[in-house]
1. Taking the Cα centre as origin and putting +1 on Lys and Arg beta-carbons and -1 on Asp and Glu beta-carbons, what dipole magnitude results for the stretch A:17-114, to the nearest 20 debye?
2. Residue by residue through the stretch A:91-101, which ³J(HN,Hα) values in whole Hz follow from phi under the Karplus form 6.51 cos²θ - 1.76 cosθ + 1.60 (θ = phi - 60°), with glycine and proline marked x?
3. Filter A:K73/B:K20; A:K55/A:K113; A:K78/B:K41; A:K78/B:K64; A:K73/B:K66 down to the pairs with a C-alpha to C-alpha distance above 32 Å, please.
4. Quick one: among A:Y90, A:Y33, A:Y54, which has the greatest mean-square fluctuation in a GNM of chain A with alpha-carbon springs under 10 angstrom?
5. Taking chain B as a Gaussian network, where each spring joins two C-alpha atoms under 10 Å apart, which residue of B:T31, B:T75, B:T57 fluctuates the most?
6. Check which residues have an amide H placed less than 5 Å from A:Q111's amide H, if you skip close sequence neighbours.
7. Which value, in debye to the nearest 20, gives the size of the charge dipole of chain B about its Cα centre, when Lys and Arg are +1 and Asp and Glu are -1 at the Cβ?
8. Pick from B:G16, B:G53, B:G61: which is most flexible by mean-square fluctuation in a GNM of chain B where alpha carbon atoms under 10 Å apart are linked?
Amino acid sequence: AQTVTQSQPEMSVQEAETVTLSCTYDTSESDYYLFWYKQPPSRQMILVIRQEAYKQQNATENRFSVNFQKAAKSFSLKISDSQLGDAAMYFCAYGSSNTGKLIFGQGTTLQVKP
Amino acid sequence: GAVVSQHPSWVICKSGTSVKIECRSLDFQATTMFWYRQFPKQSLMLMATSNEGSKATYEQGVEKDKFLINHASLTLSTLTVTSAHPEDSSFYICSANHRAEAFFGQGTRLTVV
């Protein structure tokens, strides 16, 4: 079975600074996706960034980038130039290409200080 | 992007009654949909995979008779919480995949009193 672990329940960053959220996963599958989702107080799930496991190049979306270490099964999210609107709960998720299921980590609550 | 609509957004029901939650893919067809449950400040836990035209696949520990899932069309899946009790109070979220990306409904906050 696949597992996803986020070891940082809470993180804090100063506005305009950079923060990295950690995520590790475990799987025996060879074909999968990894995601970071943002969940603001509205609880609507928002896709931040996606990484295909077969791609070696780290995904980037504007201020958001990942450090994907496949051998170490690590998938961290870096948020640059943090903004007040980035404050939310962030979930790392594993997506099986075979079943389409998503398995979520425990989540990290990010606080952005002005 | 694709849109998944979930209804109702919130519902309060009396203990012992049943409540139905709908999940619709508005602009794409979804042969598979997923139902999650989320307690406050916790993660999303996959409850079941809803399969169009066939039985749902439940995750270990999820009561099939408590959480009835029907996926009668390519755009609609329903979750019925039967004989609801206060411990069933939670936030329920559905999702559907489209082009290798998951699209989530707005979620349903269920309160059983």
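1. Around 100 debye, computed over the stretch A:17-114.
2. 10, 8, 9, 9, x, 7, 5, 6, 9, x, 5
3. A:K73/B:K20; A:K55/A:K113; A:K78/B:K64; A:K73/B:K66
4. Answer for the Gaussian network model of chain A: A:Y54.
5. Among B:T31, B:T75, B:T57, the largest mean-square fluctuation in the Gaussian network model of chain B belongs to B:T57.
6. A:M11, A:S12, A:V13
7. Once rounded to the nearest 20, the dipole reads 160 debye.
8. Looking only at B:G16, B:G53, B:G61, the largest GNM fluctuation is found for B:G61.
Each reported figure results from applying straightforward, stated rules to the coordinates on display, with no laboratory input. For clarity, every value in this text was computed on a predicted model and none was experimentally measured. When we count neighbours, we look across all protein chains shown, and the Cβ atoms used for this are built from the backbone with ideal geometry, even at glycine.
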